[in-house]
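The values are calculated or read from the model by the stated rules, or taken from the named source; none is laboratory data. Just so it is clear, the structure is predicted and the values come from calculations on it, not from any experiment. FYI the Cβ positions are ideal-geometry reconstructions off the backbone, even for glycines, and counts take in every protein chain you see. Keep in mind that these areas ignore ligands, DNA and RNA; they rest on the heavy atoms of the full protein, side chains included. Shrake-Rupley method; radii C 1.70, N 1.55, O 1.52, S 1.80 Å.
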Amino acid sequence: MSHPTSRRWLALGAFALIATTAFGAVRASNATSESLAASPSTAPVVLAVADAETQSSAAVAQSFSAPAETAPALSGDEARRHVTALSDTIGSRVAGTDNQRRAADYLAEQFRALGYATTLQPFTITSYDDRGSMLELGGAGGQAIAATTLQSSTGGAIDAELVDGGLGRPGELASAGVAGKIVLVERGELRFSEKVANAERAGAVGIVVYNNQPGPFTGNLTAPSAIPAIGIAQADGRALSDRLGPESIAARVGVNASTESRTAQNVIASRPGGPQTVVFGGHFDSVEAGPGANDNASGTAVVLELARVMAARPTPFTLTFAAFDAEEIGLLGSAHMVGQLSPDEVRSMRAMINLDMVGVGDAARVGGDAALATIAKRVSADLGQQAGSLGEVGGGSDHASFTRVGVPALFIHRTNDPNYHSPNDRSKYVTADNLQFAGQLALGVHDALAAGR
Ligand code: BES
Ligand code: ZN
């Protein structure tokens, strides 16, 4: 992406400040300067650049005036409409899926309708597609036992004798003689990945992990396995373990899953302005389990609402509004955006404000960059809510991608959503008041930075 750090954009920043104009007018001057750049009438623009360059940043900050009369007020209800569009109408938005693309299109449409230069920024992700697993006894077509895939297991079906391998420790596997067999192990003590690695090293051709608590379970491997790896319920595992020894059991383990390359995309809208950039961002992808109303249609919706309000407000900054994809699979969208920035663009970033899970819960919390968090707490108190502190946040959400490259980043969220990552993360729990507060907090931090406070 290209950020307006050039002299020409600096000139536009000056124009914007002088005119304290609405965004529409800024865009008009943008078009004018583009066309003037190659013509003899470039002179006024060059003069404006000189003016802007001789202004100290304090002077720039001082010339930032109060919101124009015409600027609309931030509306929690407006933001809530975006939450329902994203979570009720579209639903779960897993990176790389059709729903995620629908959401990206929706967001791009909204930003464009507000007048922002908007791009979809694609990047490749690998996602694990789990289409189900099976365990059959007595060979193919025998008794079926309900099974779940250990996520990242290789795909494929294997027929072999089942043997009991205890907890899957190397000694147990060696004495059980698992080479060429499917090994049954109990969950516990070792990580799933360690059990799988031990089984592979001992020559097993498949692995079945049974739960150490009642019922079935879902597990994740930290690395792809070389052999099919599944999980079954405790009762099924115990019954099998009891039968093994006296009995020899033929089994088939099947995993219908594969790793696929997919395209994810960030949605990035920008408004040219001064030499420093403020980024408002939030992820719009969700987990598969639910519609992600609070996590994170809420933050995305507030970013959209900030874009609506800021379109008609004066600012000394270049503004970027970013909706990140693929946060839920490792902050990939924000990492990609940051990776595309030039060193100059990174240096020009005055602040990144990340909104993630801002629609549900009793208390607002801020974290990340200490100086920004201090400003945010003051703003929050002025708004009548005391924001709690999260301290330095390492991972967790997209601000971390910016922190990693040295951009001061603020994390805004609310505590204790009981429906986090669940099917019940629904719009009915997201309140307009909470959205409104998060938006005003972000706006207040912007204003404080603009005024040099
Ligand atoms: N929205 C959450 C992070 C979060 C949790 C924000 C609680 C506010 C309160 C985010 O989508 C998430 O689930 N992050 C993961 C880590 C990520 C790298 C996959 C997490 O926190 O476990
Ligand atoms: Zn989230």
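Name the residue that is nearest to ligand 1 (Cβ to nearest atom), counting only residues in region 269-305 that are open to solvent by less than 10 Å² (accessible area, probe 1.4 Å) and β-branched (Val, Ile, Thr). Ranking the candidates gives 300 first.
The set of residues in region 379-403 being modelled with pLDDT of 95 or more and surrounded by 15 or more Cβ atoms within 10 Å (Cβ to Cβ) consists of 379, 380, 383, 397, 398, 399, 400, 401, 402, 403.
Only one of the numbered conditions (1) hydrophobic (A, V, I, L, M, F, W, C); (2) farther than 16 Å from residue 358 by Cβ; (3) within 10 Å of ligand 2 (Cβ to nearest atom) is violated by residue 284, and that is (2). Looking only at residues of region 206-221 that are in a loop (DSSP other than H, G, I, E, B), closer than 10 Å to residue 150 by Cα and not aromatic (Phe, Trp, Tyr), we find that the one that is modelled with the highest pLDDT is 221. If you go through region 306-331 and keep only what is surrounded by fewer than 24 Cβ atoms within 10 Å (Cβ to Cβ) and over 24 Å from residue 448 (Cβ atoms), you end up with 328, 329, 330, 331. Taken over region 98-138, the residue count meeting the criterion of being without any contact (Cβ under 8 Å) to a residue 24 or more places away in the chain and not charged (D, E, K, R) is 3. Restricting 157, 144, 199 to those that are touching a strand residue (DSSP E or B) at 6+ places or on another chain (Cβ under 6 Å) and either free of Cβ contacts under 8 Å to residues at least 24 places away in the same chain or not assigned by TED's automatic domain parsing to the domain that holds residue 247 (or both) reduces the list to 144. Would you call residue 149 at pLDDT 95 or above, surrounded by fewer than 19 Cβ atoms within 10 Å (Cβ to Cβ) and polar (S, T, N, Q)? When the stated conditions are applied, residue 149 does not pass them.
Taken together, the criteria place residue 194 among residues that are among the acidic types (Asp, Glu) and surrounded by fewer than 18 Cβ atoms within 10 Å (Cβ to Cβ).
Yes or no: region 187-194 includes at least one residue that is of a type in the set (A, V, I, L, M) and either in a loop (DSSP other than H, G, I, E, B) or more than 38 Å from the chain's Cα centre (by Cα) (or both). Looking through region 187-194, none of the residues is of a type in the set (A, V, I, L, M) and either in a loop (DSSP other than H, G, I, E, B) or more than 38 Å from the chain's Cα centre (by Cα) (or both).
Each row is one residue, and each column tells you yes or no for (1) free of Cβ contacts under 8 Å to residues at least 60 places away in the same chain; (2) among the aliphatic types (A, V, I, L, M); (3) within 16 Å of ligand 2 (Cβ to nearest atom); (4) more than 22 Å from residue 293 (Cβ to Cβ).
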{"site": "364", "(1), (2), (3), (4)": "no, yes, yes, no"}
{"site": "381", "(1), (2), (3), (4)": "yes, yes, no, yes"}
{"site": "389", "(1), (2), (3), (4)": "yes, no, no, yes"}
{"site": "397", "(1), (2), (3), (4)": "no, no, yes, no"}
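For residue 433, the conditions (1) at pLDDT 95 or above; (2) within 19 Å of residue 280 (Cα to Cα); (3) more than 18 Å from the chain's Cα centre (by Cα) are fulfilled apart from (2). Against the definition (closer than 25 Å to residue 276 by Cα, surrounded by fewer than 22 Cβ atoms within 10 Å (Cβ to Cβ) and away from ligand 2 (no atom under 16 Å from the Cβ)), how does residue 346 come out, yes or no? Criteria met by residue 346.
The residue that is farthest from ligand 2 (Cβ to nearest atom), counting only those in region 308-333 that are closer than 15 Å to residue 123 by Cβ and touching a helix residue (DSSP H, G or I) at 6+ places or on another chain (Cβ under 7 Å), is 322.
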